[in-house]
Amino acid sequence: MKKHIKLSPSMMCADIGALKETLALFEKHGIDTLHIDVMDGVLVPNLMLGTDFCKRLRNLTDIPLDIHLMIADPEPKIAWFDPQPGEYVSIHAESAKHLHRAILAVKATGATPLAALNPATPLSSVSYIMEDVAGVLLMLVNPGYAGQALVPDALRKIKDLRALADSKGLSGFEIQADGNVGFANAAEIVKAGADCLVLGSSSVFSKERPLEEAILKTKAALP
Ligand code: DX5
Ligand code: ZN
């Protein structure tokens, strides 16, 4: 049976002026989650999306949020986002003083935790806590901006993480690919082992075609 690949559009790339239409199309096409890139200008060199955006989005759609915390010292700030059961919260290994404790803090809200890794951060940073997370978000670009190119060894890192999860018997372990996931590389990213795709300007929010066409083209690109 074909494995379900979760689609999580990167809302930092969305046209805010057409948000309601965008969400209606996402609901029509069964989009799984909405990826919220939260950036504080400290952990990453950009400021992007925040607590109020999450709250307003919850009032506009039932599609669960997939909150990617690219912020320094995230643990005391998790509650600011009021994470809900069914939502995801990603904590960067590079950002938390105590990553495992931050993961438990996400769990305590009822939301589902993911650990997140920047391109250069080794898998060994999460290998001892894989049983306590639903999966790992792998940044395929250096975080901060949309429209960047994949870092060279990204695919090998996905393969290595999938092999590590399999070696631990973690069959439902989620690997989220975040950054430059496009029409041309989505299939190889999935074949490498990713099963959740963050979709930004390289795919769903590509400027070259209307949104619905981009959604269908993205789905058609999957293996
Ligand atoms: C990068 C962001 C991603 C992504 C956007 O920091 O986390 O959401 O790059 O998608 P692309 O890379 O396709 O514009
Ligand atoms: Zn992200």
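The values are calculated or read from the model by the stated rules, or taken from the named source; none is laboratory data. Remember, predicted model here, so these are calculated numbers, not experimental data. When we count neighbours, we look across all protein chains shown, and the Cβ atoms used for this are built from the backbone with ideal geometry, even at glycine. We work out accessible area using only protein heavy atoms, side chains counted, and drop any ligands, DNA or RNA first. Shrake-Rupley method; radii C 1.70, N 1.55, O 1.52, S 1.80 Å.
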- Item | Residue identified as in contact (Cβ under 8 Å) with a residue 60 or more places away in the chain and within 16 Å of ligand 1 (Cβ to nearest atom) among His4, His35, His29 | His35
- For Gly182, which of the numbered conditions (1) farther than 25 Å from Val42 by Cβ; (2) touching a helix residue (DSSP H, G or I) at 6+ places or on another chain (Cβ under 9 Å); (3) away from ligand 1 (no atom under 13 Å from the Cβ) fails to hold? (3)
- Test each condition in (1) modelled with pLDDT under 95; (2) surrounded by 14 or more Cβ atoms within 10 Å (Cβ to Cβ) for Ala93 and report the one that comes out false. (1)
- Message: I need the full set of residues from segment 166-179 which are buried (at least 21 other Cβ atoms within 10 Å of the Cβ) and closer than 16 Å to Lys191 by Cα, in order please.
- Response: Ile175, Gln176, Ala177, Asp178
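Going by the conditions given, is Asn142 under 14 Å from the mean Cα position of the chain (by Cα), at negative phi and open to solvent by 60 Å² or more (accessible area, probe 1.4 Å)?
Numbers: under 14 Å from the mean Cα position of the chain (by Cα): yes; at negative phi: yes; open to solvent by 60 Å² or more (accessible area, probe 1.4 Å): yes.
Spelling it out, Asn142 is indeed under 14 Å from the mean Cα position of the chain (by Cα), at negative phi and open to solvent by 60 Å² or more (accessible area, probe 1.4 Å).
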- Message: Can you tell me which of (1) away from ligand 1 (no atom under 15 Å from the Cβ); (2) of a type outside the set (D, E, K, R); (3) under 17 Å from the mean Cα position of the chain (by Cα) is the one Gly110 doesn't meet?
- Response: (3)
